[in-house]
Each structure stands twice: as C-alpha cells, then as structure tokens.
Amino acid sequence: MSDSLPSRRFFLQSAAAALLAPALSSQAADASGKLVAYVGTYTSPLKNMRPTQVDLPPGNGRGIHLFEMDRATGRLSPLSVVEMGTSPSCLALNPAKTHLYSGNETERLGDDESGSVSAFKIDPATGELKLLNSVRSGGKGPAHLTVHPNGRFVLVANYFGGSVAVLPLQPDGSLGEATDVKKDSGTVGPTKATNAAPGSFAISGHDQTHAHMIEADPSGKWVLHVDLGLDQILVWKFDGETGKLTPAESPSISLPPGDGPRHFAFHPDGRWLYSIQEEGSTIVLFDFDPQNGRLTARQTISSLPPGYAGSNFCSEILVSADGRFVYAGNRLHDSIGIFAIGADGTLTYVTEEWTRGDYPRSFTFDPSGQFLHCCNQRADHIATFQADKSTGKLTFTGHYTPVGNPSQIVFHTLSAR
C-alpha cells in the first residue's frame, strides 16, 4: 500500500462518514423494492447436531445472514438469520431470482465423505428463505457454486474433494442428485509459487488437487473450473439438456507452477477472462474463444502495489458491470487492488484500497454498482465502500456490519409493493 495508508487507518469512523455525507445525501434512494443481501458464513455446529452427523470447520457465523441495504448510503441493516451448522460459505441465485443455493463447506455428510448443497425458496414479498432440500455436493468441502445460465443446473467446485459436479434443478427449485461428477487428476504443483513476491511464505494448496471455482461462460456453452493444486484452468463443453461435461478441444491451460489459480471473472463482452492466482499474487488476462472454448494467455500483472515484499494470499476477482475496471482481493496485505481495463483488455494498475479489516475473502457490488461490500473474514465484519465509476476508486463509507466469518454476499431486489 502507499506510504500514506497507515495514517488513514486511524481516522475516526465518523470522520469518514462525514466526508461522504454531502455526496450520499444528494443521491436519491431508488424507488424500486427492498434490496436484500444474503451473506454466507463459516459456522460452528448447532448444539442439537450430533458430532457424527457432520464434521465442521471452526467459524463464528450462524448460517445465512439476511440484511436490507439502504440504497442511498449502502448501510446494511439486519433482518434475520437462517441458522445452519454446515458453513454455507458460498451462495448463488438462479437467473429468475426465485431461489438461493448454498454450498456447505463440510467434509462429511452422515456416513459419507461429502459436502452438501442446499436449495432455498425466496419469499417474493419479504426475501425470507425456506429450505427445500439438501443433496451431496459430489466431493468434500464445496468452496464455490454457480447456477448455469439456462437456470436448470447448479455447478459446484469441491475444494477438498478435488472434484466438480453438476446438480439438476427440479421444477420447484429443489436439487436432484448429480448428473455428472468429474474428479481432477494430474501432477500437483510445487509449494513455492513462481511469481510470489520477494520473501513470500504464501503456501496453501499444493498438497493435492483442489477445485476452487466453477462457472459457465456467458453463452452457457462452456463450463470452466480452476484447480489450485494442479495450477490449471480446465474447460468443458456443457450439454444443457443432460447436464453432462465433456472435455473441450483444448481441455486445460496451465498457469506458472505453484501460483495457484483461485478465481476468475469474464469481461462482460465474453472475449476476455481474468484469473487471479492465490499464491503467486498475479492476475492473468486470457483471450477466450467462444467457438471452441480455447484460452490464450496475453498479460500477467501483480495484484499488489509496486515494491511490495512478503506474504500474500489472493482471494476474489471482480470485473465492474461496465467492463472498465478489475478489482483484486489481497489477504494479509488486506487490500483491494484496482486496475483499469484498456481497449484491448489489458490491465493497468490504478491504486489499492485498504479493506478496513482482516483477510478479505470476497467482495461484491450492489446491483447499482454504486457500493462495494467486502467480507473481511477474520475481522468478523463487512465493510462498505462507495465506488467512483469514472476512476474505479473506492471510498470507505464508514459502515461496518458485524457478521461472524463472512464469506460471500449476494443481492436480490424484491418486487415493489
């Protein structure tokens, strides 16, 4: 971070809020329905759950936390909590926004070594959740899930299982058993990242295969997933009728050994893909060919400010809805790197913003793109920033929302009454 950043850390919260007040007060609240935020967390077991039912990672969360966002200020106000002892750390909405799905990052479900995925129906008037069912995720520790653009399947990446799975959706939005499960295989990369910052001891997932993210391209024809342990992005052709995955003509592309690809984000035009590497602290720009699913690397840039030395673990990567900026999460450095996207898709470092907390696991814009909410996992809070759409820069609003071990936040606008 810049030399002036440490002093900013000691500004009073009220001072930050006061500086933003004129801008925020001049912005009229949107007249549409209530804006609900769902926050996934790492949780501890519920007291009435038998230890033999599920093995759980430690966590301070309580399940899925519901909030209402003030459209004028970005402030989150608590509504309710869906109590879950299964660490619903990753969330996804279906395209129609009628259902929410949670990947429950456990390693044992009953007598099986498997995580689970749960389906919830959203009350259209209140946003409250009703559990429909839960099914096996196709592997241990699901760390990411998305709903396919056709709205008929959930795609899930199992980190500890080193596998990905396709789960069909029933007419009522509930989940069926997997239509396909693919187990990653190959040579695990070295523990030392090729592109790590000088003096880095960032060693995490090069002990086995670790599927970390899965998502379809904008067309839905292709499904991509990353395996951090293999240092690869894998590409599958997706059958939208049967829910089956078959290897693409170019089934995988390798990242530098040990760098550990974690997440990726497509540019809105679908031509470019940006991959963030957890241990290498880099962002790689790929050209994406929607005809054959082929990826071609074209640029590598550090997620950290120039001159940084020491350990860092990257987390989230996000492309602004207008396609002008990329945001990259840095854990230990505890910053969000901000990069401008050029006419050819290449990135230029702009600045970084301190996350006001510890270990930013993920961050998300609200539907308007005005506010960015950062889940500071180890700080047990969400910090809210206002985005300048012309420069990409973030300004802290002064709003902290207490949540135990927040992992991911997604938004849903209710119908106006």
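The values are calculated or read from the model by the stated rules, or taken from the named source; none is laboratory data. Just so it is clear, the structure is predicted and the values come from calculations on it, not from any experiment. A quick note on method: Cβ atoms are made from the backbone with ideal geometry, for glycine too, and the neighbour counts reach across all protein chains shown. Surface areas here come from the heavy atoms of the whole protein model, side chains and all, with no ligands, DNA or RNA. Shrake-Rupley method; radii C 1.70, N 1.55, O 1.52, S 1.80 Å.
Numerical summary
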quantity	calculated
Filter result (within 14 Å of Leu295 (Cα to Cα) and either within 21 Å of the chain's Cα centre (by Cα) or among the hydrophobic types (A, V, I, L, M, F, W, C) (or both)) within segment 236-260	Trp236, Ala248, Ile253, Leu255
Restricting segment 262-315 to residues that are over 24 Å from Ala211 (Cβ atoms) and among the aliphatic types (A, V, I, L, M), the residue that is most open to solvent (accessible area, probe 1.4 Å)	Ala309
Cβ pairs under 6 Å, 6+ apart, first in segment 391-404 and under 12 Å from Thr73 (Cα atoms) and open to solvent by less than 10 Å² (accessible area, probe 1.4 Å), second in a loop (DSSP other than H, G, I, E, B) and not acidic (Asp, Glu)	Thr397/Gly74
Check on Leu255, at pLDDT 95 or above, touching a His at 6+ places or on another chain (Cβ under 9 Å), open to solvent by less than 40 Å² (accessible area, probe 1.4 Å) and among the hydrophobic types (A, V, I, L, M, F, W, C)	no
Enumeration of residues in segment 343-369 that are in contact with a helix residue (DSSP H, G or I) (Cβ under 8 Å, 6 or more places away or on another chain) and of a type in the set (Ser, Thr, Tyr)	Tyr359
So Ser80, is it closer than 19 Å to Phe153 by Cβ and either open to solvent by less than 50 Å² (accessible area, probe 1.4 Å) or part of a strand (DSSP E or B) (or both)	no
Residue count for segment 146-158, restricted to those that are within 18 Å of the chain's Cα centre (by Cα) and either within 17 Å of Val135 (Cα to Cα) or in a strand (DSSP E or B) (or both)	7
Failed item in (1) surrounded by fewer than 22 Cβ atoms within 10 Å (Cβ to Cβ); (2) among the hydroxyl-bearing types (Ser, Thr, Tyr); (3) in contact (Cβ under 8 Å) with a residue 24 or more places away in the chain, with Thr246 passing the rest	(3)
Residue list for segment 32-52, filter: open to solvent by 70 Å² or more (accessible area, probe 1.4 Å) and at pLDDT below 50	Lys47, Asn48, Arg50, Pro51, Thr52
Which numbered condition Gly260 misses (of (1) modelled with pLDDT under 95; (2) at positive phi)	(1)
Wholly enclosed strands (runs of 3 or more DSSP E) of segment 264-354 bearing at least 3 residues in contact with a Lys or Arg (Cβ under 9 Å, 6 or more places away or on another chain)	272-277, 282-288, 313-319, 325-331, 335-341, 347-354
Test: Gly369 is part of a loop (DSSP other than H, G, I, E, B), in contact (Cβ under 8 Å) with a residue 12 or more places away in the chain, touching a strand residue (DSSP E or B) at 6+ places or on another chain (Cβ under 9 Å) and small (Gly, Ala, Ser)	yes
Segment 187-203, residues that are under 7 Å from Gly258 (Cβ atoms), in contact with an Asp or Glu (Cβ under 6 Å, 6 or more places away or on another chain) and not hydrophobic (A, V, I, L, M, F, W, C)	Gly189, Thr194
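Residue-wise test of (1) surrounded by fewer than 21 Cβ atoms within 10 Å (Cβ to Cβ); (2) without any contact (Cβ under 8 Å) to a residue 40 or more places away in the chain; (3) hydroxyl-bearing (Ser, Thr, Tyr); (4) more than 30 Å from Tyr308 (Cβ to Cβ).
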{"position": "Ile122", "(1), (2), (3), (4)": "no, no, no, yes"}
{"position": "Gly151", "(1), (2), (3), (4)": "yes, no, no, yes"}
{"position": "Val154", "(1), (2), (3), (4)": "no, no, no, yes"}
{"position": "Ser174", "(1), (2), (3), (4)": "yes, no, yes, yes"}
{"position": "Lys192", "(1), (2), (3), (4)": "yes, no, no, no"}
{"position": "Pro198", "(1), (2), (3), (4)": "yes, no, no, no"}
{"position": "Gly205", "(1), (2), (3), (4)": "no, no, no, no"}
